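The structure appears right after this line, and notes come after that.
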Amino acid sequence: MTESTKFEEDCMQSSPNAGFTSEDELAVFRARKVAIITGISGQDGSYLAEFLLSKGYKVHGIIRRSSSFNTARIQHLYSDPKTHEGSASFSLHYGDMTDSSCLIKLINTIQPTEIYHLAAQSHVKVSFDLPEYTAEVDAVGTLRLLDAIHACGLSNKVRFYQASTSELYGKVQEVPQKETTPFYPRSPYAVAKLYSYWIVVNYREAYKMFACNGILFNHESPRRGETFVTRKITRGVAKIALNQQQFIELGNINARRDWGHAREYVEAMWMILQHNEPDDFVIATGKFYTVREFVELAFKEIGKEIMWEGEGINEIGIEKGTNILRVKVNPKFLSTNRS
């Protein structure tokens, strides 16, 4: 007998929530307001933790042991930031999307009312370098979580949110995209998230699980990872303002993006799980801007105007009045059509 199988048997034997549940019992269970957040140390996870705590939830975050050194975004939520101790309403647990036994054990112990699955290898370019790892975490990781819920007899009690992505649309089939727009993923990351999307739908239909996908378009904040284009631009412009850097290098400056704010998008995640019936939703602003426009607005914040010269990979942005080079295209960032 494998360790995972043993945990599954323990769940079914020990869980007080296995089997049929009356409406009254379900109401009592959900009134506890206990949430699990995977990927809690990331941009979305940290904002979501803040939001749920403000709503009176008890929040349990799952972090990898390697992530214990990268908890700056949630540092302020600890009762004692120096020792990383939690509080009565905020706890962290070691876990990993590649380890089904630990996921089963955590879910059975915590007995969550809601699970927000945000953990992922979410960088498109990195997914080409690490395609197998991306699939293991982003695709099969979601399956492991859903199966853990089912194994613990919580299919009819837990509400499950899966952070999907606009990268599913890839080679765009229509503009604007909506819930019924055909998917056309164009990266290992997008393909992994497509599996994740459909396994959520499958478990919803097969086990009557309240499982939902939120197809999120780009959403940014000061907590966004530094490898993403918005942070590359804002950090670069800040360094230019401090005379620590002369120019920034980008990929496709004509790429169009729908950018929102992460704080608003995590509230949308919560709202999705408050519906009477589970469903999948696109979360976006409905407004598109180019990377070029983002660059111009960022430089405007430090009192500089950018003038463009050249075309394609030879296009550059120079500072009006000084003719100092401030933006250049780097072909290596064009390989996956992502900056």
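The conditions of being assigned by TED's automatic domain parsing to the domain that holds residue 55 and among the charged types (D, E, K, R) are met by residue 264.
Can you confirm whether the range 166-173 contains a residue that is of a type in the set (A, V, I, L, M), closer than 11 Å to residue 139 by Cβ, crowded, with 21+ Cβ neighbours inside 10 Å and in the same structural domain as residue 141 (by TED's automatic domain parsing)? No; the residues of the range 166-173 include none that is of a type in the set (A, V, I, L, M), closer than 11 Å to residue 139 by Cβ, crowded, with 21+ Cβ neighbours inside 10 Å and in the same structural domain as residue 141 (by TED's automatic domain parsing).
Cβ separations smaller than 8 Å between residues 6+ apart or across chains give the following pairs from the range 158-174 residues that are assigned to a strand (DSSP E or B) to residues that are at pLDDT 95 or above and of a type in the set (D, E, K, R): 159/114; 160/114; 161/114; 163/44; 164/193; 164/280; 165/193. Looking only at residues that are of a type in the set (Ser, Thr, Tyr) and not in a helix (DSSP H, G or I) in the range 199-238, which one is surrounded by the most Cβ atoms within 10 Å (Cβ to Cβ)? Taking the candidates together, the pick is 221. Scanning the range 257-283 for residues that are buried (at least 18 other Cβ atoms within 10 Å of the Cβ) and of a type in the set (A, V, I, L, M) gives 262, 266, 269, 272, 273, 282, 283. Taking the criterion of being within 24 Å of residue 194 (Cβ to Cβ) and over 21 Å from the mean Cα position of the chain (by Cα), the only residue of the range 256-308 that qualifies is 277. For the range 150-160, filtering for residues that are surrounded by 24 or more Cβ atoms within 10 Å (Cβ to Cβ) and under 23 Å from the mean Cα position of the chain (by Cα) leaves 2. For the range 267-292, the tally of residues that are in a strand (DSSP E or B) and in contact with a strand residue (DSSP E or B) (Cβ under 6 Å, 6 or more places away or on another chain) stands at 4.
For the range 312-324, the criterion of a residue being of a type in the set (Asp, Glu) and outside the structural domain of residue 168 (by TED's automatic domain parsing) is satisfied by at least one position.
Checking each residue in the range 239-256 for being surrounded by 19 or more Cβ atoms within 10 Å (Cβ to Cβ), outside any loop (DSSP other than H, G, I, E, B) and touching a Phe, Trp or Tyr at 6+ places or on another chain (Cβ under 8 Å) picks out 240, 250.
Could you go through the range 189-198 and let me know if any residue there is of a type outside the set (A, V, I, L, M), buried (at least 21 other Cβ atoms within 10 Å of the Cβ), out of contact with any helix residue (DSSP H, G or I) (no Cβ under 8 Å at 6 or more places or on another chain) and within 30 Å of residue 327 (Cα to Cα). Within the range 189-198 (the criterion being of a type outside the set (A, V, I, L, M), buried (at least 21 other Cβ atoms within 10 Å of the Cβ), out of contact with any helix residue (DSSP H, G or I) (no Cβ under 8 Å at 6 or more places or on another chain) and within 30 Å of residue 327 (Cα to Cα)), the answer is no, since none of the residues qualifies.
In the range 295-318, is there at least one residue being aromatic (Phe, Trp, Tyr), at pLDDT 95 or above and crowded, with 18+ Cβ neighbours inside 10 Å? Looking for residues that are aromatic (Phe, Trp, Tyr), at pLDDT 95 or above and crowded, with 18+ Cβ neighbours inside 10 Å, one finds at least one in the range 295-318, hence yes.
Comparison of 299, 333 shows that the only residue that is outside any loop (DSSP other than H, G, I, E, B) and touching a Leu at 6+ places or on another chain (Cβ under 7 Å) is 333.
With respect to being of a type outside the set (A, V, I, L, M) and touching a Phe, Trp or Tyr at 6+ places or on another chain (Cβ under 8 Å), residue 321 falls outside the description.
Condition test on residue 20, is it modelled with pLDDT under 85 and surrounded by 12 or more Cβ atoms within 10 Å (Cβ to Cβ)? So residue 20 fails the test.
The values are calculated or read from the model by the stated rules, or taken from the named source; none is laboratory data. A quick note: this is a predicted structure, and the numbers were derived from the prediction, not measured. Quick reminder, even Gly has a Cβ in these numbers, built from the backbone with ideal geometry, and neighbours come from all protein chains shown.
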